[in-house]
Amino acid sequence: MNCPKCGITLVTTPDEGPETRSCPACAGMWLKPEALKGLEDRVFDQEQWKGSLVHWNEPIAVHCPACGRPMEEFQYRIYSLKLAHCPDGHGFWLNAGDAEKVLEIMGRRKADIQRKLQAEGEFYKMLQRWKKNIFIRQIFRLFGM
């Protein structure tokens, strides 16, 4: 399997597992779909909170190293990062530095979700206190207190 950018033979990355191959020349990475999920899960493994993966596909002149078909560039989870993927589902191409950006994005997403859940919990507690106070006031009015 050759690098879709520079044509050099991709090598299996021992640290990343057999689903990931990297280019010794340009430092790009080819990830099978499960490898991209595994990369994200290092930081944030709550799939239901990640959001949609692929947005705004656009064909590019880079070909899938698995099948040779032209790949598509897309906006990764509506963030400012653009990645490429094989439209037949063979995998994803990450340019040098993109893996670190994916980890950073997932870290921010995790922090955002934690803040959201904490804010919603606090709001719920406030509503419960407010509801309780109205109920007590109505009881006092009922008994003329």
Would you please name the residue that is nearest to Gly51 (Cα to Cα), looking only at residues in the stretch 71-100 that are outside any loop (DSSP other than H, G, I, E, B) and without any contact (Cβ under 8 Å) to a residue 24 or more places away in the chain? Gln75
Being at pLDDT below 85, open to solvent by less than 80 Å² (accessible area, probe 1.4 Å) and within 30 Å of Val43 (Cα to Cα) is the filter here, so list the residues in the stretch 118-145 that pass it. none
Residue list for the stretch 96-110, filter: under 17 Å from Ala27 (Cα atoms) and surrounded by 18 or more Cβ atoms within 10 Å (Cβ to Cβ): Asp98, Ala99, Val102
Taking Ala27 as the residue in question, decide whether it is within 20 Å of Ile105 (Cβ to Cβ) and assigned to a loop (DSSP other than H, G, I, E, B). yes
Just to be sure, is Leu39 within 28 Å of Ile8 (Cβ to Cβ), in contact (Cβ under 8 Å) with a residue 12 or more places away in the chain and touching a Lys or Arg at 6+ places or on another chain (Cβ under 7 Å)? no
Among the residues of the stretch 11-27, the number that are in contact with an Asp or Glu (Cβ under 8 Å, 6 or more places away or on another chain) and either in contact (Cβ under 8 Å) with a residue 60 or more places away in the chain or more than 14 Å from Ala96 (Cβ to Cβ) (or both) is 1
Inspect all residues belonging to the stretch 60-67 and state whether any of them is within 17 Å of the chain's Cα centre (by Cα) and assigned to a loop (DSSP other than H, G, I, E, B). no
Quickly run through the stretch 3-58 and pick out the residues that are within 10 Å of the chain's Cα centre (by Cα) and of a type in the set (Lys, Arg). Lys37, Lys50
Let me spell it out: the conditions are (1) open to solvent by 60 Å² or more (accessible area, probe 1.4 Å); (2) without any contact (Cβ under 8 Å) to a residue 24 or more places away in the chain; (3) not charged (D, E, K, R), and Met1 meets all of them except one. Which number is the exception? (2)
Mind checking which pairs have a first residue in the stretch 105-127 that is among the small types (Gly, Ala, Ser) and a second that is open to solvent by less than 90 Å² (accessible area, probe 1.4 Å), Cβ under 6 Å, 6 or more apart or different chains? Gly107/Val43
Residue count, the stretch 31-49 (criterion: part of a helix (DSSP H, G or I), touching a helix residue (DSSP H, G or I) at 6+ places or on another chain (Cβ under 7 Å) and surrounded by 15 or more Cβ atoms within 10 Å (Cβ to Cβ)): 2
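The values are calculated or read from the model by the stated rules, or taken from the named source; none is laboratory data. All values reported here derive from a predicted model rather than from experimental measurement. Don't worry about glycine lacking a Cβ; one is built from the backbone with ideal geometry, like all the others, and counts go over all protein chains shown. Only protein heavy atoms, including side chains, enter the accessible area calculation; ligands, DNA and RNA are left aside. Shrake-Rupley method; radii C 1.70, N 1.55, O 1.52, S 1.80 Å.
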